[in-house]
Each structure stands twice: as structure tokens, then as C-alpha cells.
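To start, the structure under review is shown below, and the notes come after it.
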Amino acid sequence: MNPNGSTPRPARRGAGCLQSLLVMAVLLGLSYGAFKIFGKEPSSSSSSSSASASPSSAADGKGGSWQVGDCGGPDPENKPDGYRAYDCDDSGATFKALEIKSASILPNAIQCPAGTDLIIQVSRVFGSGGDKKGGGIPTNTVCGRNLSDDHPGDAGAGGGQLVKGDCITSTAKEIACAEAGSDAFKVLDLVEEKEECPPGTTEPMQLMMAMGRPYNVICGGKV
């Protein structure tokens, strides 16, 4: 009892709020959306019938948990950048997951392995219907490689993220090594400081600051 004679109220427990949030989530429903961050979509022979294809158990049937080796492709219900999971032998599948990374609100912080043709951000979406594009909470990132023979993410091919073996212009723009001119450079390494560049570096390019990017210098050498 307080000095003024009133009975103190028990402290409110935070768990009650959490339970309310959980109930709200159940009422609203949870689903997962996947949207392309960047990448070239290969030509595909899939038709509108792919919209009803069964998704892989990893990505859609088990709460949106992608694993290395899972396949996916364009989501007909969320064009043009929406993606969904497919069985790898399904006609709607256009890429296979090379690596699964944690999500990040900083796009530059996601660094996929060489050979990555496109990057897909997977998000947890609240709500049972409607267009899921642009909403939700990012959960992980899928580094995907095309199932076709078109691989712009290969080192030197001129696409994907910048990796060792790529070619760039004197202004640090990525180009295909096959099209490189006399003023082009080959990426020997990507480092934080110029002093870390390997032997053979003739043009260490200091880049402007970018939040989350794991390197600040492109170590360029003659092609």
C-alpha cells in the first residue's frame, strides 16, 4: 500500500504487448515476397502456365527460408521485378541460388560471389492479398545464377557486381573484357586502402564513400 493509502497497481508486463502483436500477425497473415535488386533476366520459354506451378518447399512451403540450390523465377503476379520459388525442373525456373546472405538495408553491403547474375531480396510481407511489391521486412538475400547459358555475372562478362577479373574504364565503369579498349583496366583486387593493392596494380582507383560497401579502392591493372 502506498503512503497515501492506495493500493499500487502491478507493473504491466511487456509480454502482453508481444502476444497482441503475435495475434495481429496471425489475423493479418504472413507471406514472403522476393524482388530483384539487380540482374539481367534471361530469355525464357515459360508461358502463362507457370503461374500455377508448384513452388519449391524451401522458399514458399516452409516460411520463406531459401537454401543454396533452390530455384526461382519471375512471379507472374508481381511483375516486373517480383520473383518466387519454383522446382528446378519447372518451366518457370530461371535461376538457382548460389549463396544465401542476411538481408541489409544497405544495398552496397550485399556482396555476392563471382558468377552471380542477379540478386533477389526476400521480404516477410504482412497481409494475405494484394500486391506485395515494395513492402515487408527484408529477411535474406539470394545470390542467383541463371539456369540458361547467359551469365553476365561471370568475371569479365561485363555484368553483375564488380569482382576480381572484371574490366573497367578509366572512370571505373564496368565493361566486358572482350570490349575493353587501350584505356581499360582489369580488376586485380577490391580493397579498403591503396596500400593493400597487389603487385601489378597500375591504377589504384579511390572511390567515393558508400555506406556498407566492403571496399573503397579498385586495384586496376593493364588488361
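Looking at GLY181, GLY221, GLY156, GLY165 in this structure, which one is of a type outside the set (A, V, I, L, M, F, W, C), in contact with a helix residue (DSSP H, G or I) (Cβ under 6 Å, 6 or more places away or on another chain) and more than 27 Å from ILE105 (Cβ to Cβ)?
Matching residue, one of GLY181, GLY221, GLY156, GLY165: GLY156.
Looking at LEU188, LEU162, which one is part of a strand (DSSP E or B), of a type in the set (A, V, I, L, M, F, W, C) and either crowded, with 16+ Cβ neighbours inside 10 Å or under 16 Å from the mean Cα position of the chain (by Cα) (or both)?
Numbers: LEU162 fails: part of a strand (DSSP E or B).
Going through LEU188, LEU162 in turn, just one is part of a strand (DSSP E or B), of a type in the set (A, V, I, L, M, F, W, C) and either crowded, with 16+ Cβ neighbours inside 10 Å or under 16 Å from the mean Cα position of the chain (by Cα) (or both): LEU188.
Please go through the range 208-223 and pick out each residue that is open to solvent by 40 Å² or more (accessible area, probe 1.4 Å) and either in contact with a strand residue (DSSP E or B) (Cβ under 8 Å, 6 or more places away or on another chain) or of a type in the set (A, V, I, L, M) (or both).
At the first step, the residues of the range 208-223 found to be open to solvent by 40 Å² or more (accessible area, probe 1.4 Å) are 208-209, 211, 213-214, 216, 222-223.
Scanning the range 208-223 gives MET208, MET209, MET211, PRO214, ASN216, LYS222, VAL223.
Please go through the range 191-202 and give me each residue that is buried (at least 17 other Cβ atoms within 10 Å of the Cβ) and either under 17 Å from GLU174 (Cβ atoms) or within 24 Å of the chain's Cα centre (by Cα) (or both), ordered by number.
Residues of the range 191-202 that are buried (at least 17 other Cβ atoms within 10 Å of the Cβ), as a first pass: 191, 197, 201.
VAL191, the sole residue that qualifies.
Are any of the residues in the range 73-85 in contact with a Ser or Thr (Cβ under 6 Å, 6 or more places away or on another chain) and either modelled with pLDDT under 80 or open to solvent by 50 Å² or more (accessible area, probe 1.4 Å) (or both)?
At the first step, the residues of the range 73-85 found to be in contact with a Ser or Thr (Cβ under 6 Å, 6 or more places away or on another chain) are 73, 85.
With the extra rule that they be either modelled with pLDDT under 80 or open to solvent by 50 Å² or more (accessible area, probe 1.4 Å) (or both), the set shrinks to none.
No, there is no match, as no residue in the range 73-85 is in contact with a Ser or Thr (Cβ under 6 Å, 6 or more places away or on another chain) and either modelled with pLDDT under 80 or open to solvent by 50 Å² or more (accessible area, probe 1.4 Å) (or both).
For the range 169-188, check the following and say yes or no: at least one residue is at pLDDT 95 or above, touching a Phe, Trp or Tyr at 6+ places or on another chain (Cβ under 7 Å) and of a type outside the set (Ser, Thr, Tyr).
no
Being aliphatic (A, V, I, L, M), open to solvent by 20 Å² or more (accessible area, probe 1.4 Å) and either in contact with a helix residue (DSSP H, G or I) (Cβ under 8 Å, 6 or more places away or on another chain) or modelled with pLDDT under 85 (or both) is the filter here; which residues of the range 108-153 pass it?
Going residue by residue through the range 108-153, those that are aliphatic (A, V, I, L, M) are 109-110, 114, 118-120, 122, 125, 137, 142, 147.
Right, trim to open to solvent by 20 Å² or more (accessible area, probe 1.4 Å) and you get 109, 114, 137, 147.
Once the filter is applied, which keeps residues that are aliphatic (A, V, I, L, M), open to solvent by 20 Å² or more (accessible area, probe 1.4 Å) and either in contact with a helix residue (DSSP H, G or I) (Cβ under 8 Å, 6 or more places away or on another chain) or modelled with pLDDT under 85 (or both), the range 108-153 yields ALA109, ILE137.
Looking only at the range 84-116, count every residue that is closer than 20 Å to GLY165 by Cα and part of a loop (DSSP other than H, G, I, E, B) and tell me the total.
7
The values are calculated or read from the model by the stated rules, or taken from the named source; none is laboratory data. The structure displayed is predicted, hence computed values, not measured ones. All Cβ positions, glycine included, derive from the backbone under ideal geometry; neighbour counts span all protein chains shown. Heads up: the accessible areas ignore ligands, DNA and RNA and are worked out on the full protein's heavy atoms, side chains in. Shrake-Rupley method; radii C 1.70, N 1.55, O 1.52, S 1.80 Å.
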